[in-house]
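Beneath this line is the structure, given in structure tokens, with notes to follow.
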């Protein structure tokens, strides 16, 4: 697959409310959006996705619809995976994943009380993996800079994009 993969990602969810629209405008051109909104009723989810996709086209953002039924961009959705352990990461790569979202790196509002990887466990988990790794969980630009030396390709967040 010779597609340039985004290094910066927005993970959407219902908690964002109307902050979603500002977050989409703040993302840099070429960033990615993982559209989730899993708890939203199907018709409302389609309407929100349609609006997100329209903004993404205008702003040249890549959108992937997460969850059953595949993605807006199936070529990308097929090649991405979430991993919470080295075992999951290796299994995802063997299944064809070419981009890994690894989480939770740090404490996050999305999963309060969840065990985090931290820098050391993240480094051990991704060492030697031959796919780009996107750090997720409590991420912001400052923390992402601190993880580059571990070999992360980029980072994803909800709150970092929806708070000023």
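The values are calculated or read from the model by the stated rules, or taken from the named source; none is laboratory data. As the structure is a computational prediction, the values presented were derived from the model and not from experiment. Neighbour counts are summed over all protein chains in view; Cβ atoms, including those assigned to glycine, are modelled from backbone coordinates with ideal geometry.
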Considering residues that are within 16 Å of the chain's Cα centre (by Cα) and closer than 20 Å to residue 97 by Cβ, the number found within region 127-142 is 8
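Quick grid of which residues meet (1) at pLDDT 95 or above; (2) in a loop (DSSP other than H, G, I, E, B); (3) under 24 Å from residue 4 (Cα atoms):
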position: 114; (1), (2), (3): no, yes, no
position: 130; (1), (2), (3): no, yes, yes
position: 134; (1), (2), (3): yes, no, yes
position: 139; (1), (2), (3): yes, yes, yes
position: 147; (1), (2), (3): yes, no, yes
position: 152; (1), (2), (3): yes, yes, yes
position: 156; (1), (2), (3): yes, no, yes
position: 160; (1), (2), (3): no, no, yes
position: 164; (1), (2), (3): no, yes, no
Restricting attention to region 27-60, the residues that are surrounded by 15 or more Cβ atoms within 10 Å (Cβ to Cβ) and assigned to a helix (DSSP H, G or I) number exactly 8
Considering residues that are loosely packed, with under 14 Cβ neighbours inside 10 Å and touching a helix residue (DSSP H, G or I) at 6+ places or on another chain (Cβ under 8 Å), the number found within region 75-114 is 2
Looking across region 143-159 at residues that are crowded, with 20+ Cβ neighbours inside 10 Å and farther than 20 Å from residue 130 by Cα, the single one that is nearest to the chain's Cα centre (by Cα) is 157
Those residues of region 1-22 that are assigned to a helix (DSSP H, G or I) and surrounded by fewer than 23 Cβ atoms within 10 Å (Cβ to Cβ) come to a total of 6
